[in-house]
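First the structure, in the form of structure tokens, and then the observations on it.
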2 protein chains.
Amino acid sequence: MKKTLIAALLASVTLTAVAEVKPFQATEYRRGVFKAVKWQFGPMADMMKGKKEFSAAEFVQRADNLAALSKMPLEGFVPNSYARGTRALPGIEQDWETFTSLMTDFERNTEALASAAASGDKGQIKPAFIQVAKTCKSCHDKFKD
Amino acid sequence: MKKTLIAALLASVTLTAVAEVKPFQATEYRRGVFKAVKWQFGPMADMMKGKKEFSAAEFVQRADNLAALSKMPLEGFVPNSYARGTRALPGIEQDWETFTSLMTDFERNTEALASAAASGDKGQIKPAFIQVAKTCKSCHDKFKD
């Protein structure tokens with residue numbers, strides 16, 4: 001009985017903690033992070049395609065920014081945050097394991113891109129960049145409307 | 001004459017480069033970054049105020065995120081991006097030197113907070129946190145509606 005009471009108290013504390021984050025705030029947060037991701041990614045893609053002159057310094061800075069950003073969005077995917085103002089699909093909640101695994105790929109592959117960028121070797125940068133682009137796509141295909 | 005021609009060509013190239021970024025995209029980008037800033041800052045403030053239990057690991061992660069984010073918004077403050085969808089005041093353009101100096105303070109002080117957080121010493125963390133909060137306020141007071 002005592003154990004049950006403690007469990008109930010803990011559960012209520014957890015619920016309170018979760019309730020502190022309003023779903024729409026979480027949606028706005030993760031959308032903000034992804035806007036920043038897109039902003040950083042765009043000029044890197046243009047440099048890779050030769051649409052924009054390659055600048056090693058800019059590429060390094062953007063790759064570092066992208067790696068830092070990749071660590072942020074996951075906590076914005078909270079319960080009940082798929083109903084409005086988002087293109088994230090509710091399948092994220094239903095297949096949380098796959099989703100978190102893809103988000104881990106995103107972190108790992110942007111980190112690898114930042115390392116490749118720091119090397120200054122285009123032979124390393126290009127495949128690392130393609131890997132990041134593929135990682136974005138694999139998650140969008142499955143979990144973005 | 002030749003020099004003037006080259007200067008004119010360079011100027012036109014610069015204008016083209018600037019024109020590539022649509023003002024509203026830049027506004028959306030910097031707003032996204034600041035949404036992420038607020039999201040990271042909130043739980044740190046709650047921990048400092050004792051409203052949320054202090055977690056050294058969480059504080060370090062959020063301080064690192066904040067330091068990374070602090071490097072990002074400046075490039076979103078482009079010409080003609082103060083008319084809609086923003087609370088940033090056009091005074092930013094008129095007093096660019098003060099604005100960039102405050103943004104440099106933001107970078108430096110969040111970096112100092114990340115170092116203090118890594119030390120795990122609350123005696124260092126608290127003043128570093130207050131310094132960051134003051135830096136935000138000093139810029140908002142002057143440049144945010």
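Any read-out appearing in this document is the output of simple, stated calculations on the displayed coordinates, not a laboratory observation. Here the structure is a predicted model, which is why all the values come from computation and not from measurement. Cβ: placed from backbone, ideal geometry, glycine included. Neighbour counts: every protein chain shown.
Which value, in debye to the nearest 20, describes the size of the charge dipole of chain A about its Cα centre when Lys and Arg Cβ atoms bear +1, Asp and Glu Cβ atoms bear -1, and nothing else is charged?
About 260 debye.
Over all alpha-carbon pairs of the protein assembly as shown, lay out the pair-distance distribution in 5 Å bins, whole %, shortest bin first.
1, 5, 10, 13, 15, 16, 15, 11, 6, 3, 2, 1, 1, 0, 0, 0, 0, 0, 0
Is there a quick way to get the dipole size of the protein assembly as shown? I mean about its Cα centre, with the Cβ of Lys and Arg at +1 and of Asp and Glu at -1; what is the value in debye to the nearest 20?
In total the dipole reaches around 480 debye.
At a threshold of 8 angstrom on Cα-Cα distance, excluding pairs fewer than six apart, so keeping six or more, what relative contact order does chain B reach in percent?
26
If each DSSP helix of 4+ residues adds -39,500 (n - 2.57) and the sum is divided by the residues in chain A, what number results at 222 nm, nearest 500 deg cm²/dmol?
-26000 deg cm²/dmol
Distances in nm, one decimal, shortest first, from B:PRO79 to the same residue in every other copy, taking the label point 7 angstrom along Cα→Cβ.
Nearest to farthest, the other copies are at 5.2 nm.
How much length would be gained if the chain were fully extended between B:ASP141 and B:LEU74, taking 0.36 nm per residue of separation minus their Cα-Cα distance, in nm to one decimal?
Gain in length upon complete extension: 22.4 nm.
Top mean-square fluctuation among A:ALA26, A:ALA67, A:ALA83, Gaussian network model of chain A, C-alpha springs under 10 Å?
Comparing A:ALA26, A:ALA67, A:ALA83 in a Gaussian network model of chain A, the most mobile one is A:ALA83.
Between segment B:80-145 and segment A:92-145, what is the C-alpha centre distance in whole Å?
A separation of 31 Å, based on Cα centres.
Test of the criteria: in segment A:29-101, which GluC sites (Glu not before Pro) are in a DSSP loop and have at most 15 other Cβ atoms within 10 angstrom of their Cβ?
Of the GluC sites (Glu not before Pro), the ones in loops of segment A:29-101 whose Cβ has at most 15 other Cβ atoms within 10 Å are A:GLU53.
Calculate the mean, over all residues of peptide A:68-80, of how many other protein chain Cβ atoms lie within 10 angstrom of the residue's Cβ.
Mean inter-chain Cβ contacts per residue within 10 Å come to 3.
Working out 0.36 nm times the residue gap between A:LYS49 and A:ILE130, then minus their Cα-Cα distance, what length gain in nm do you get to one decimal?
Answer, rounded to one decimal: 28.1 nm.
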